[in-house]
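Read through the structure below, which is laid out as structure tokens, and then see the notes.
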């Protein structure tokens, strides 16, 4: 297998000014700016493009803007790209450019493949002390004033035909199934060895097409919290989080995005190998989130939204209840 992960995503939107501020606050670097498009990068060079909805040549969306219009997957070599070129040649919407090949998946999304342009990065992450392993000695755990996402880790779409869309990614692009909601959802990873999922396809009870969310990987749980509180201080709205996904084990925090649907900070997902056996789950609130905070944490009070701010006193500085 040779698909390595997401190299680039492209949104279609009309309020570019608001999207510009959002993704700067999110922690991406603005590398190109034009009247019709903004291009951001994560730490490893994964690109996020926000193009105006009427940009010529922008692929059609599966739902009205703002939404995700295109996903570019990175492959490991020119030889791999040539192999996928031959596989995709007969698919609807096939395109063959100098550096990219692609088509339209069964859900109507434009997908492209290119030899990856992401760069390796070295980041320091928090060491965790457990009862059985003490990895952090004479060293404090980090705290972050904001997040700096490493990459776009996964995307999640609503689909109308889970079977056909899942077969496209597993049979043509060699994705592996990590876990399932039978007849309802597929968690897919690009290769046998890797994080729990790079793509999640979800068929709702009333099937529809659309973007659910785009997820950005950060280095550790403390960066999820620091990034989320920074977004809160900037005035952006939490959809849900922080919280924990029991299926992938990841810690998450979701925000509403002006570029469409939701974006997520996440970290600490399960790492899988070819020995992993996909499990089956019944959708439900506790399957999606083992625990979660609705409305998020206020970045100024450092407490749940609408909870009283800290008084500056120790929690033990409370008057004793009267005795009889």
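Principal-axis analysis of the Cα atoms of the chain puts helix 78-88 at an angle of about 70° to the longest axis. The Stokes-Einstein estimate for region 90-238, based on a Kirkwood radius over Cα pairs and taken at 25 °C with 0.890 mPa s viscosity, is a diffusion coefficient of 135 µm²/s. Only Cα pairs under 8 Å and 6+ residues apart enter the sum, and on that basis the relative contact order of region 18-82 stands at 17 percent.
Roughly how far apart, in whole Å, are the Cα centres of region 241-274 and region 148-210? Measuring centre to centre over Cα atoms gives 14 Å. Result for the chain in a Gaussian network model with C-alpha springs under 10 Å: among 143, 13, 110, the largest mean-square fluctuation is at 143.
Over all distinct Cα pairs, what is the inverse of the mean 1/r for region 5-55, reported as the Kirkwood hydrodynamic radius in Å? Don't jump to the answer; show the numbers that get you there.
Details: mean 1/r = 0.0923 Å⁻¹.
Computed over Cα pairs of region 5-55, the Kirkwood hydrodynamic radius comes out at 10.8 Å.
One-quarter of the Cα convex hull surface for region 151-196, in nm²? Intermediate results must be reported in sequence, preceding the final value.
Numbers: hull surface 13.5 nm².
Across all orientations, region 151-196 yields a mean hull projection of 3.4 nm².
So in the chain, what percent of DSSP beta bridges are antiparallel if you round to the nearest 5? Walk me through the intermediate numbers first.
On the way: 57 of 80 bridges.
Looking only at bridges with both residues in the chain, the antiparallel portion is about 70 percent.
A Stokes-Einstein calculation at 10 °C with viscosity 1.306 mPa s, built on the Kirkwood radius of the chain over Cα pairs, returns a diffusion coefficient of 76 µm²/s.
Values of log10 I(q)/I(0) for region 114-166 across q = 0.19, 0.23, 0.29 Å⁻¹ run -0.90, -1.03, -1.21, by the Debye formula with one identical scatterer at each alpha carbon and no solvent.
How high is the relative contact order of region 155-245? Use alpha-carbon pairs under 8 Å, at least six apart in sequence, and give a whole percent.
Working: 127 pairs, mean separation 27.5, N = 91.
The value is 30 percent.
Separation of region 91-128 from region 1-76 is 12 Å, based on Cα centroids.
Arrange the peptides 47-56, 199-208 so that the one whose residues have, on average, the most other Cβ atoms within 10 Å appears first.
Numbers: 47-56: 18.5, 199-208: 16.1.
Result, highest mean first: 47-56, 199-208.
Enter the angle in degrees (range 0 to 90, nearest 10) between the Cα long axis of helix 16-26 and the first principal axis of the Cα atoms of the chain, meaning the one along which they spread out most. For 16-26 against the chain, the angle is about 60 degrees.
Given 0.36 nm per residue, what is the gain on full extension from residue 206 to residue 143 after removing their alpha carbon distance, in nm? Walk me through the numbers before you get to the answer.
Working: separation 63, 0.36 × 63 = 22.68 nm, distance 4.25 nm.
Fully extending the segment from residue 206 to residue 143 adds 18.4 nm.
Projected onto their three principal axes, the Cα atoms of region 169-324 cover extents of 70, 39, 34 Å, largest first.
Given C-alpha coordinates of region 1-148, what is the ratio Rg to Rh with the Kirkwood estimate of Rh?
Details: Rg = 19.0 Å, Rh = 17.6 Å.
My calculation puts Rg/Rh at 1.08.
GNM on the chain, alpha-carbon springs under 10 angstrom: the most fluctuating residue among 126, 17, 167 is 17. Summarising the overall dimensions of region 186-242 from its C-alpha atoms, the Rg and Dmax are 14.8, 40 angstrom. Using C-alpha pairs under 8 Å with a sequence gap of at least 6, the mean separation divided by the residue count of the chain gives a relative contact order of 17 percent.
Spin-label model, residue 300/residue 129: points 7 Å from Cα along the beta carbon direction are separated by 3.5 nm.
Counting DSSP beta bridges in region 1-154, what percent are antiparallel, to the nearest 5?
Values: 26 of 38 bridges.
Bridges in region 1-154 are about 70 percent antiparallel.
Provide the percentage of antiparallel DSSP beta bridges, counting only those with both residues in region 62-115; round to the nearest 5. Counting only bridges with both partners in region 62-115, antiparallel ones make up about 55 percent. Take the Cα of residue 36, step 7 Å toward its Cβ, do the same at residue 287, and the gap between the two points is 4.4 nm.
The numbers here are math on the coordinates, done by the rules we state, and not lab data. As the structure is a computational prediction, the values presented were derived from the model and not from experiment. Heads up, the Cβs are rebuilt from the backbone with ideal geometry, glycines too, and the neighbour counts pull from every protein chain shown.
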